[in-house]
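Down below is the structure, laid out as structure tokens.
Nothing in this text is a laboratory measurement; each read-out follows from the coordinates by a stated rule. Note that the structure is a prediction, hence the values are computed from the model and not measured. No Cβ is skipped: glycine too gets one built from the backbone with ideal geometry, and neighbour counts run over all protein chains shown.
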Amino acid sequence: MLARILLVDDHALVRQGLRSLLEREGFTVVGEAADGLEAIQQTRALSPDIVVMDISMPSENGLNAAREIHKSCQGIKVILLTQHSEDVYIADALEAGVAGYVLKSQVSNDLLHAIRQVLGGRVYISPGVSGAVLSAYKSRIDKKTDVLTLRERQVLQLIAEGKTTRDVASLLFISVKTAETHRSRLMQKLDIHETAGLVRYAIRRGLVQP
């Protein structure tokens, strides 16, 4: 079974390489996006069967985008393509409802297999991180439930990337007042009351790179 695929990565050369790989195998690449916000928009507009998406991207990371796609675009599967093999990323990916988790270092061997597995209704995890899956599940169960809403996580990432409140409002298509409200609420929930603390928290949760 072939599939219609949306590619999401902030590096054009990576997208070109993935497109070539997939099209050689007969898959149709219906579109490309450079960040999570664009990925959500393109997913809603194009209705692909599968979204192949990087985790670490500016403006909106792949985990947040995967959560939104899983929530609002039923039936569309997300495969995360990433360099991260740490338990925390796998646990967050499982929580986000992704159907596949493929390491970039193994993409030539794993991505096509992952797509076929996902099309068959299964979840695929790269062999390179499969040993961490049980630990990730335990981490998911044991760790404190994330108190932030999806919108608050989006605001947190943008703040950690150095965006002003006005920038946040513009990027998320909300008013400045609403952006300020989200910022205040996430600070209150996290008991963090200065920007540097928010940046450190975002780095620990993998929302931005140090």
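Structure data summary
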read-out	value
Nearest-ten-degree value, helix 107-119 long axis tilted from longest Cα axis of the chain	90
Amide H contacts under 5 Å for Asp10, placed H, 5+ residues apart	none
Inter-label distance, nm, simple model (7 Å from Cα along the C-beta direction), Arg24/Thr181	5.2
Nearest 10 degrees, 0 to 90: helix 12-24 Cα axis against the chain principal axis	30
The stretch 1-74 and the stretch 101-126: distance between their alpha carbon centers, rounded to Å	14
Rounded to 10°, Cα long-axis angle of helix 195-204 versus longest principal axis of the chain	30
Label-to-label distance, nm, for residues given as Ser47 and Gln188 (7 Å Cα→Cβ offset)	4.1
Pairs of lysines in the chain (C-alpha under 28 Å apart; 8 or more residues apart or interchain)	20
Top of Pro48, Pro127, Pro58 by mean-square fluctuation, Gaussian network on the chain, Cα under 10 Å	Pro127
Among Ser126, Ser175, Ser59: highest mean-square fluctuation, GNM of the chain, C-alpha pairs under 10 Å	Ser175
Charge sum, other residues only, whose C-beta stays under 9 Å from Ala34's C-beta, Lys/Arg counted +1 and Asp/Glu -1	-4
Net charge over other residues, Cβ less than 9 angstrom from the Cβ of Val14 (K, R count +1; D, E count -1)	-1
